[in-house]
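Asks: I am attaching a structure below and will ask some questions about it afterwards.
The values are calculated or read from the model by the stated rules, or taken from the named source; none is laboratory data. Keep in mind the model is a prediction, meaning the values are calculated, not measured. Quick reminder, even Gly has a Cβ in these numbers, built from the backbone with ideal geometry, and neighbours come from all protein chains shown.
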Amino acid sequence: MSLDSYLACVVLVCGSHQLFAAESDQNPDQNPDFSPVEVCPVQRPTANFNRYKEDWSVLANPCLEREPLDSLKYIVLSDDPTYYLSLGGNLRERWEVNNSAAFGVPPFKPDSYVIQRVELHADLHLGNDVQVFTQLVDASAFQKDYVSPVDRSPLNVEQAFLAVNEEFDQGNLKWRLGRQEMAFDLQRFVAVRDGPNVRQAFDAVWADWESGDWRIIGFLSQPVQDSDTGQFDDTSNRHLRFNGLRFEKKDVGPGNLSGFVAQFDHDQTNYLFARGAERRVAFDLHYDGKLNGYDWDIESMNQSGHVGDKTISAWAIGSIFGYTDTSYAWRPRLGVQFDVASGNRSPNGGQLGTFNPLFPNGYYFTLASYSGDTNIVHLKPSVTLNPNDTLNVITAVGLQWRETVADAVYQQGMMAVANTAGRGQLWTGIYTQLRAEQTFMRNLVGAIEAVHFQVGDTIRQAGGSNGNYFGAELKLCW
């Protein structure tokens, strides 16, 4: 099941208009008044998932038809069209009903609420090589009983960075300094965290060298500690550091290969079976591609290091395979997702096997938050239908086990379900998922998602119950 539709805005900001030559039976050589209408060589930008990647200098071309508020999308600063300021924003409203958060294990209880995220940005371009991007966010949770920093963040700086591009060693070198978002591949382990209400940002130095099919990335960062109380109070988490080196290579066989090595340091952590300073090294390898209707995305990660006096030995594998038959009108895609992540097998030993998913995206399994990528075996067949160009419908069934009974059942955010570690069976439960996403207008997208999780005996004996989730969402990008 492809998740690309979750990672992008899936909208056109103000549309793309072109002028086409009118059909005529007249011969221009015989009619001197005949002049064909020329096609405009540029198009309006799309609303990118990363808004700083948009280039609105195309509005300098007089052939591009103007639309309302273009004067704010392209504010000219000099005679050079690449010197400009662009303003924009995103609005996301989502109503959620969850009768069994954390499977209803106390103190959690049924909840119904609205989460809202408003983002406003200013994108300053000083030529083709210098950019200053600032984005503010206000995330609210209305009538939500259990509110965490990923649910609510009063007005804060989401991103604020300086970016510089320059030619270097037969390639292009890009620097970014400041608060920014990072996402790798399918966002299994390093993500913007767009599923919950508050996205994940990093105060970081980022260097990116691109040449031909190669891309090399290095970064030093401190994840931003989100606060759900005051305004402009989000700060770098001085006790958490995430640094790494990454490579990307296009056209390796029928697909693309990427990988990274990263150091995850946390000065004080508390796992079920270990506590103390965490020094975790992650080695990641990823391969994805498409060929003759088939698509695939495979990723593996190995983790080593230590937490307190325990040595880390953890791992995970994530994979998605699919086939799309375009000979049918609704272009059905048959998919299967298989994931496995290690748990801790020896509670009293000197080794910690609990996998840390680092910075997951929050919707890799479902939006219901019933499943986390820790101590899990997950099999999910799916069918995706596209009745038309604006509607996408996904149906899926997910089967879940624990990788080891010795460790707990985990939900998103490495939240352990109480009273499950060392008890019960491997079987966790089975869920069904239905999601539909509709593009109503060029800048307005709606979606609904329903999930039912039928728990196994392990969760039921821990005081849990079946889970039912429903969400309805509207997204507006300008």
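Asks: Could you go through the range 325-333 and let me know if any residue there is small (Gly, Ala, Ser) and either more than 28 Å from ASN392 (Cβ to Cβ) or under 24 Å from the mean Cα position of the chain (by Cα) (or both). Talk me through it step by step, then tell me what you get.
Replies: We begin by selecting, within the range 325-333, every residue small (Gly, Ala, Ser); these are 327, 329.
Next cut, either more than 28 Å from ASN392 (Cβ to Cβ) or under 24 Å from the mean Cα position of the chain (by Cα) (or both) only: none.
No; the residues of the range 325-333 include none that is small (Gly, Ala, Ser) and either more than 28 Å from ASN392 (Cβ to Cβ) or under 24 Å from the mean Cα position of the chain (by Cα) (or both).
Asks: What pairs can you find where one residue is in the range 358-374 and over 23 Å from PHE242 (Cβ atoms), the other is hydroxyl-bearing (Ser, Thr, Tyr) and surrounded by fewer than 24 Cβ atoms within 10 Å (Cβ to Cβ), and their Cβ atoms are less than 8 Å apart, with a gap of 6+ or different chains?
Replies: If the second residue must be hydroxyl-bearing (Ser, Thr, Tyr) and surrounded by fewer than 24 Cβ atoms within 10 Å (Cβ to Cβ), the pairs left are THR366/TYR469; LEU367/TYR469; ALA368/TYR469; TYR370/TYR469.
Asks: Show the residue pairs meeting these rules: Cβ distance below 6 Å; 6+ apart or different chains; first residue within the range 92-112 and of a type in the set (Asp, Glu); second residue outside any strand (DSSP E or B).
Replies: Taking only residues 6 or more apart or on different chains, the pairs are ASP111/ASP145.
Asks: Determine which single condition ASP123 fails, assuming it passes every other condition in (1) surrounded by fewer than 17 Cβ atoms within 10 Å (Cβ to Cβ); (2) in a strand (DSSP E or B).
Replies: Evaluating ASP123 over (1) surrounded by fewer than 17 Cβ atoms within 10 Å (Cβ to Cβ); (2) in a strand (DSSP E or B) leaves (1) as the failure.
Asks: Which ones in the range 54-70 are out of contact with any Pro (no Cβ under 8 Å at 6 or more places or on another chain) and in a helix (DSSP H, G or I)?
Replies: Selection gives LEU59, ASP70.
Asks: Got at least one residue in the range 59-71 being at negative phi and touching a residue at least 60 places away in the same chain (Cβ under 8 Å)? Can you show your working first?
Replies: Taking the range 59-71 as the starting set, the residues that turn out to be at negative phi are 59-68, 70-71.
The next check asks that each one be touching a residue at least 60 places away in the same chain (Cβ under 8 Å); those that pass are none.
No, there is no match, as no residue in the range 59-71 is at negative phi and touching a residue at least 60 places away in the same chain (Cβ under 8 Å).
Asks: Continuing with this model, one more query. Go through the residues of the range 129-138 one by one and say whether even a single one is within 18 Å of VAL198 (Cβ to Cβ) and among the polar types (S, T, N, Q).
Replies: Checked against the condition, which is being within 18 Å of VAL198 (Cβ to Cβ) and among the polar types (S, T, N, Q), the range 129-138 yields at least one hit.
Asks: Here's another thing I want to ask about it. Taking GLU437 as the residue in question, decide whether it is of a type in the set (D, E, K, R), in contact with a helix residue (DSSP H, G or I) (Cβ under 8 Å, 6 or more places away or on another chain) and over 30 Å from ALA274 (Cα atoms). Outline the logic, then answer.
Replies: Values: of a type in the set (D, E, K, R): yes; in contact with a helix residue (DSSP H, G or I) (Cβ under 8 Å, 6 or more places away or on another chain): yes; over 30 Å from ALA274 (Cα atoms): yes.
In short, yes.
One line per residue, one yes/no per condition, for (1) of a type in the set (A, V, I, L, M, F, W, C); (2) at pLDDT 95 or above; (3) over 17 Å from the mean Cα position of the chain (by Cα):
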| site | (1), (2), (3) |
| --- | --- |
| GLN143 | no, no, yes |
| ARG152 | no, no, yes |
| GLN159 | no, yes, no |
| GLU166 | no, no, yes |
| GLY178 | no, yes, yes |
| PHE184 | yes, yes, no |
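Asks: Then there's this: Would you say VAL224 is buried (at least 20 other Cβ atoms within 10 Å of the Cβ), in a strand (DSSP E or B) and either at pLDDT below 95 or of a type in the set (Val, Ile, Thr) (or both)? Spell out the reasoning first.
Replies: Working: buried (at least 20 other Cβ atoms within 10 Å of the Cβ): yes; in a strand (DSSP E or B): yes; either at pLDDT below 95 or of a type in the set (Val, Ile, Thr) (or both): yes.
The answer is yes for VAL224.
Asks: Failed condition for THR395, given (1) more than 30 Å from MET441 (Cβ to Cβ); (2) out of contact with any helix residue (DSSP H, G or I) (no Cβ under 9 Å at 6 or more places or on another chain); (3) of a type outside the set (A, V, I, L, M), with all others met?
Replies: With (1) more than 30 Å from MET441 (Cβ to Cβ); (2) out of contact with any helix residue (DSSP H, G or I) (no Cβ under 9 Å at 6 or more places or on another chain); (3) of a type outside the set (A, V, I, L, M) applied to THR395, the lone miss is (1).
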